[in-house]
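> My structure is below; once you've seen it, I'll send some questions.
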Amino acid sequence: MENIGYDFINGTKYPVYSPIDQIQGVPEPPAELQIPEGATVIKLPSPKRIKVPDISIRQAIESWEPVTYFSRSSISLKELSFLLWCTQGSRKVGSGQLQIRNTPSSGLRYPLETYFVAGEVDDLQTGLYRYLPRSHSIVIERLGSDIPVTMGNTSMNFALVTRAAVTFLWVGIPYRSVWALGNRGYRSVLIEAGHTCQALIMAATCVGCRVQPSDLFHDEMMLQLANLDPESQWPLYMAAVGKEERDL
């Protein structure tokens, strides 16, 4: 346990000499988790129809600072659609599992699933949802007014998360990357969570929102909240999104 960092880096070095499943002819894992039977899928507004103010890259980067307070405010469904599109939206979908999203991914494997808790999103019931990038839709995982409170307790930042309009959770599906990249794929999953969160920070600036990322949460509680398989679905990173000026 004391050498966990060294063991991880050493165990994921290139070149990879162990067999890689893609080369071995093992079937490719699906690009998205299955939609639960009977679950409700909601089509999001097209990102092409969402108008946002012109903000320079420099302004978007320099405007971020740690957030300690959110007012009671909401975001629109169009704004949520824009944030999801900028972070994990599919820009091109080819044959099979091939796709290009708006954030980089080693080998175009895209091993992340985007879950989010909608606290104050116009036209959405309070609850836990999951983004479906290939169709730019969301699926209801679970509804309930208590879910933001549960996420707040899980996050170790109750005051901020319970006042957020939406809280994102990125879940790694490591085998999507490991299938093609071998053990190096485990590194990719962690790195890509960072790419995605940075995209969220910059996109949120365009809709007047602030973002507070965090990798500090109770792992077992997060697994239960999102009903994840601890062997193959890893909660990695979360980010609370809200506004500092009241609009409710």
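Each value in this text was obtained by applying a stated rule to the coordinates, not by laboratory testing. As the structure is a computational prediction, the values presented were derived from the model and not from experiment. Glycine gets a Cβ as well: all are built from the backbone with ideal geometry, and neighbour counts include every protein chain shown.
> Taking H placed 1.01 Å from N in the peptide plane, check which residues at least 5 places from Arg142 or on another chain put their amide H under 5 Å from its amide H.
Those qualifying (amide H under 5 Å, at least 5 residues apart or on another chain) are Leu128.
> How much of the DSSP beta bridge set in the chain is antiparallel, as a percent to the nearest 5?
Counting only bridges with both partners in the chain, antiparallel ones make up about 95 percent.
> Stretch Ile23-Thr126 to full length: gain in nm at 0.36 nm per residue minus the Cα-Cα span?
32.7 nm
> Of all the stretches in the chain, which is the longest one without any exposed loop site, taking GluC sites (Glu not before Pro) in a DSSP loop (any state but H, G, I, E, B) with at most 13 other Cβ atoms within 10 Å?
Here the longest run is 38-230.
> Rounded to the nearest 500, what is the 222 nm mean residue ellipticity of the chain from helices alone, with -39500 (n - 2.57) per DSSP H run of 4+ residues and division by all residues?
Using -39500 (n - 2.57) per qualifying helix, the result is -9000 deg cm²/dmol.
> Please give, to one decimal in nm, the separation of the simple spin-label points placed at Ser214 and Ile61, each 7 Å out from Cα toward the Cβ.
With each label placed 7 Å out from Cα toward Cβ, I get 2.7 nm.
> Another one. Can you name the helices of the chain, as whole DSSP H runs, whose Cα span along the helix axis is 18 Å or more and whose Kyte-Doolittle mean is not below -1.0?
Span-like helices, by this rule, are 184-206.
> A further question on this structure: Could you give the spread of the C-alpha atoms of segment 1-77 along their three principal axes, from largest to smallest, in whole angstroms?
If we take the Cα atoms of segment 1-77, the spans are 50, 40, 27 Å.
> Taking the Cα atoms of the chain, what is the range of coordinates along each of the three principal axes, in descending order and whole Å?
Projected onto its principal axes, the Cα set of the chain covers 57, 44, 43 Å.
> Right, here's the next one. Let me see the pair-distance distribution of segment 85-174: every alpha carbon pair, 5 Å bin width, integer percents in order.
3, 13, 22, 21, 15, 13, 9, 4, 1
> How much net charge surrounds Leu236 when only other residues with a Cβ under 11 Å from its Cβ are counted (Lys, Arg +1; Asp, Glu -1)?
-4
> How much net charge surrounds Ser188 when only the other residues with a Cβ under 10 Å from the Cβ of Ser188 are counted, with Lys and Arg +1 and Asp and Glu -1?
The answer is +3.
> If amide H atoms are built 1.01 Å from N in the plane of the peptide, which residues on other chains or at least 5 residues away come under 5 Å of the amide H of Arg101?
Amide H neighbours of Arg101, under 5 Å, 5+ apart: Arg91.
> Can you list the HN-Hα couplings for segment 210-226, worked out from phi with the Karplus curve (6.51, -1.76, 1.60; θ = phi - 60°), rounded to whole Hz and with x for Gly and Pro?
Karplus-based 3J(HN,Hα) across segment 210-226 equals 10, 10, 10, x, 7, 10, 9, 7, 7, 4, 5, 5, 5, 4, 6, 4, 8 Hz.
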